[in-house]
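Readers should treat all values here as calculations from the given coordinates under stated rules, not as data from a laboratory. Since the model is a prediction, treat every value here as computed from it, not as a measurement. Cβ: placed from backbone, ideal geometry, glycine included. Neighbour counts: every protein chain shown.
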Amino acid sequence: MDFNRSGSVQVVSFSGFLTTGLAQVLTPAVEKSLEEGVVNYLFDFTGVTMLESPAVAVLLTVTEKIVDEHAGELAFCGMNEMAAKVLEMVGVFLYAGRFDSRAEAIQEMND
């Protein structure tokens, strides 16, 4: 997982298998940046090859934390069809946007 800023957007790039360990890395990093006042996030799934159930639960929890608790904005990009369907089924896209590319998402979120 890699964290970069693009304007007002914190970009989190994921790769490989997203499994149980996601909670130990993603949650504290997002909580820290939320405390620093960052409220716009882009989760880039371009490098993700597998999304397991524990990771889905973490993503849903982090989504609610960003959007509901901190009135932030969250978007996802670069998702394969399987990951998109899973996150749609659990309701993530009721809270978060979905874009094909990182550039498209960043442009929309920085406007």
> Among (1) 0.95; (2) 1.16; (3) 1.26, which is the computed Cα Rg over 2.2 N^0.38 Å?
Replying inline: (1)
> What FRET efficiency do you get for GLU108 and ARG5 if R0 is 22 Å and r is their Cβ-Cβ distance, rounded to the nearest 0.05?
Replying inline: 0.85
> For segment 1-69, with only Lys/Arg (+1) and Asp/Glu (-1) charged at the beta-carbon, what is the dipole magnitude about the Cα centre, in debye rounded to 20?
Replying inline: 140 debye
> If we count every other residue with Cβ under 14 angstrom of ARG5's Cβ, Lys/Arg +1 and Asp/Glu -1, where does the sum land?
Replying inline: -1
>> For the pair PHE93/THR46, report the inter-label distance in nm, with labels modelled 7 Å from Cα in the Cβ direction.
In response: 2.1 nm
>> Please report the net charge: other residues with Cβ closer than 12 Å to the Cβ of VAL30, K and R +1, D and E -1.
In response: -3
>> Given the -39500 (n - 2.57) contribution per DSSP H run of 4+ residues, what per-residue ellipticity at 222 nm results for the chain, rounded to the nearest 500 deg cm²/dmol?
In response: -12000 deg cm²/dmol
> Around ASP100, what is the net charge, scoring Lys/Arg as +1 and Asp/Glu as -1 over all other residues with Cβ under 13 Å from its Cβ?
Replying inline: -2
> If you take the charge dipole of the chain about its Cα centre, with +1 on Lys and Arg Cβ and -1 on Asp and Glu Cβ, which of GLY37, PHE76, MET50 is farthest toward its positive end?
Replying inline: MET50
